[in-house]
Amino acid sequence: MRIRTQTLIAVAIALGGVVVIAALLAHISALGERTLREQQDSRVVARDVTSLLVLTQQYNLNFDAQPAAQWHVVHTSLLKTVERAVAASEPAEEELLALRDHLAELAPLFNSLEQTALDSDGPFAQRRRSLLLERLAAQSQELAELRYTWATKIGLAIELQQQALGAIVLGGPIVLLLVCCALAWVIRRDLLLPLERLQAAATALERGEATPRLNSTTRNEVGDAARAFDAMADALLSANGQLEHEAAEHRHVRHQLTVVLDNVPALIAHIDNDQRYEVVNRAYLAWDHRVGGDIVGHSVEEVHGPANYADLQPYLKRALAGEKVVFEAMLTRGIQSHVMRVSYVPEIEADGRVSGVFSMKTDITELRRSEDRLRMVMDASPVGIFTRSPDGVLTYANPAWQGITGRTEAQALKTTVSQLVHPDDQGRVRALWKIAMMKREPVVSEHRYVRTDGRVIWIRAHISMLRRDGIIECGVGVIEDITDRRMVDQALAEKTAALARSNEDLERFAYVASHDLQEPLRMVNMFGQLMMQRKAAQLDAEAQEFLAFMVDGGQRAHELVRDLLSLARLDSQAKPPEPVMLESVLGDTLDQLSDSLQKAGAVVTHDVLPTVMGDRSQLGQLLTNLVGNAVKFCGEAAPVVHVSATHERGFWRISVRDNGIGIEPRHFDRIFVIFQRLHLRSQHAGTGIGLSICKRVVERHGGRITVESTPGEGSTFSFTLPDTPAPLSIAIATTAAA
């Protein structure tokens, strides 16, 4: 603890003791004054209580008005005295509160006694008066007892206060004396004795004797002085050893610095104010093919020659003037020239004076050659290449870029990217550049440029950022003119949209025409059949033949319209995909074809078929057409049909194999085109739409349908269905072909 702090604490303790004693004396004095006032009030109360008793007796003798009036005056004075004592006592004593309550009850009793004096002197009045006197006497007696108890407490309080005052008067000085003794002991322990030891040690050190360590643990000024003395003595005793150690450290650091400089590939040297070399590293010597003695002490002009010195001198003067200089210079070594990046850093002393220059040279000849080769490649590139600074200004543009944008190299280097981009695309392009700055991968964009001749072109740009140590150095862009491709894409999109509209109109026409033609054809067929049944006998053979042709044509037209309507409904009445069990669908198909199967004696077998996502009604139509064709196009033998299923890379392949007449390979594509038939109606009935419907259904489910066949050996129709839900889409190509 500091001496000042100890002194302040000692003074504070002494002052605190005095303040405490003074406070106690003041408190006891205040209590004494309060007790004296209570004692005076007690005496007044005793006097007034006695007066009330006397006045009550006087009034009882002759019921005179004068004693009664005096009684009320004394009672009021007594009540005020008690109220004042209650207010001055906090908390109020029980005796005072009881005394106040009894005084409050005494007035009504005396008033009642006065009232009996006005009444008649009958036995009842006398009895009542006697009772009131007894109660007044009892109340007065209780008042006297309460007053006595209160007076007794006041006496005890006065006695205790006197005892406390005596204890403070006697004990206060004793306590202060003890505190002073303790402070004196602390001062001797923490101040006087340490000072004596410090003085003895200083005397011994002055005489050159061996000085014992003080090892002081005291936390004050004397302790600080003792510890400082120990530190000073230690420093003096170890000064020589420390100096030797520092010298060794200095030699070691100098050796390490020399090793580092000698292993740095750059040419490092120190040049004094006279432009002479003071220090050079090993790389400098190796580059100049000299030994150390041939450079150190020689001037820059002597080492590099007049021609090279002429290039270096302006920068060297600037460095000796206090400026840091970085530049590139072409230095000749023998018959070879080298591009050197030179850094001159002035050595500035504490007083601001330049005492020399640190020189560092790096041979960047190969770097410049690589840059030249890269520039040649970029200049010869058929695509536009440019670089831009972080603030958006172009720093390089190859000839291809100049040709695409219509700007010369001089114009390009004054252009920002935003000046090139079409106004409608500038916001999007700025956002793409920001994305490229945040990401570490190229960003691709297609947007418009405005050439200098005002023509707007479309370009495809690959944008990336060149970073060094995580900091963006420049942006690199590669562009190609895609105006022609965009025009082709736009024309293709317009043709596709027109084709889609045409297909939609064609499908609508096919649906409406098929629907509207059904009723007239039904009437033609119905009445033609009625004429054959009812009027055949009235017609000659030629008329009957004509009528048969008409009925047959009507039936074929009805079948054709029905198939066209089925084809149109594939899109207009398509349902959302749902799980479809193909085994159940095949069962429904066989039930539907049961009559034709029995008539042909066909045998249909199948493997375990999967559950797929699709339109159940359309998949049923698909299997009905394939199985029906297998039965219809059979040879002389009874039809044998087998339905199989295999899983291939996310698809189910469903195959329908028969032993029918087969199909020549050159007709494989033709049979899926609408209205294309390979046989005459006299050979095999049909409209030529069935396989077109099959192809449309499969393509709407995201699959493909193919055929494998050998004439005379049968055919295998295979279609694929994805094993995951696929959106049902419209086969534009098929519709276009239709």
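The table for this structure:
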| item | result |
| --- | --- |
| Subset of segment 58-72 (residues that are assigned to a helix (DSSP H, G or I) and in contact with a helix residue (DSSP H, G or I) (Cβ under 7 Å, 6 or more places away or on another chain)) | Q58, Y59, N60, P67, A68, Q70, W71 |
| Only listed residue being surrounded by 15 or more Cβ atoms within 10 Å (Cβ to Cβ) and either at pLDDT 80 or above or touching a strand residue (DSSP E or B) at 6+ places or on another chain (Cβ under 7 Å) (or both), chosen from E507, E494, E480, E473 | E480 |
| Residues that are surrounded by fewer than 11 Cβ atoms within 10 Å (Cβ to Cβ) and either under 21 Å from G384 (Cβ atoms) or among the aromatic types (F, W, Y) (or both), drawn from segment 425-443 | E441 |
| Identity of the residue in segment 141-173, at pLDDT 75 or above and among the hydroxyl-bearing types (S, T, Y), that ends up surrounded by the fewest Cβ atoms within 10 Å (Cβ to Cβ) | T152 |
| Qualifying residue in segment 687-695 (condition: part of a loop (DSSP other than H, G, I, E, B), of a type in the set (S, T, N, Q) and modelled with pLDDT of 80 or more) | no |
| For V354: the one exception among (1) closer than 14 Å to Q275 by Cα; (2) surrounded by 15 or more Cβ atoms within 10 Å (Cβ to Cβ); (3) free of Cβ contacts under 8 Å to residues at least 40 places away in the same chain; (4) not charged (D, E, K, R) | (3) |
| Test result for A22, hydrophobic (A, V, I, L, M, F, W, C), in a helix (DSSP H, G or I) and surrounded by 17 or more Cβ atoms within 10 Å (Cβ to Cβ) | no |
| Residues satisfying the stated conditions in segment 361-387, i.e. in contact with a Leu (Cβ under 7 Å, 6 or more places away or on another chain) and either over 29 Å from V342 (Cβ atoms) or hydrophobic (A, V, I, L, M, F, W, C) (or both) | F386 |
| Strands (runs of 3 or more DSSP E) lying entirely in segment 280-363 (those with 1 or more residues that are in contact with a helix residue (DSSP H, G or I) (Cβ under 6 Å, 6 or more places away or on another chain), among the aliphatic types (A, V, I, L, M) and closer than 12 Å to A269 by Cβ) | 354-363 |
| Among residues of segment 445-503, those that are more than 27 Å from E409 (Cβ to Cβ) and polar (S, T, N, Q), counted | 4 |
| Matching residues in segment 476-491 - criterion: being touching an Asp or Glu at 6+ places or on another chain (Cβ under 9 Å) and either within 11 Å of Y449 (Cβ to Cβ) or of a type outside the set (K, R) (or both) | I482 |
| Residues being farther than 15 Å from T405 by Cα and β-branched (V, I, T) - total across segment 372-392 | 1 |
| Tabulated pairs, segment 13-27, first under 12 Å from V179 (Cα atoms), second in a helix (DSSP H, G or I), C-beta under 7 angstrom, 6+ apart or interchain | I13/V179; A14/L176; A14/V179; G17/V175; G17/L176; G17/V179 |
| Segment 364-376, subset in a helix (DSSP H, G or I) and among the aliphatic types (A, V, I, L, M), residue surrounded by the most Cβ atoms within 10 Å (Cβ to Cβ) | L367 |
| Residues of segment 296-351 that turn out to be on the phi > 0 side of the Ramachandran plot and free of Cβ contacts under 8 Å to residues at least 24 places away in the same chain, as a count | 2 |
| Yes/no for I479 being within 22 Å of D379 (Cβ to Cβ) and of a type in the set (A, V, I, L, M, F, W, C) | yes |
| Selection count where residues are among the basic types (K, R) and under 42 Å from the mean Cα position of the chain (by Cα), scope segment 372-416 | 2 |
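One line per residue, one yes/no per condition, for (1) under 13 Å from A461 (Cβ atoms); (2) at pLDDT below 85; (3) not in a loop (DSSP other than H, G, I, E, B):
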| residue | (1), (2), (3) |
| --- | --- |
| M378 | no, yes, yes |
| I385 | yes, no, yes |
| P390 | no, yes, no |
| Q402 | no, no, yes |
| R407 | no, no, no |
| Q419 | no, yes, yes |
| D424 | no, no, yes |
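The values are calculated or read from the model by the stated rules, or taken from the named source; none is laboratory data. Quick caveat, the model's predicted, so the values are computed rather than measured. Backbone-built Cβ (ideal geometry, glycine too); neighbour counts: all protein chains shown.
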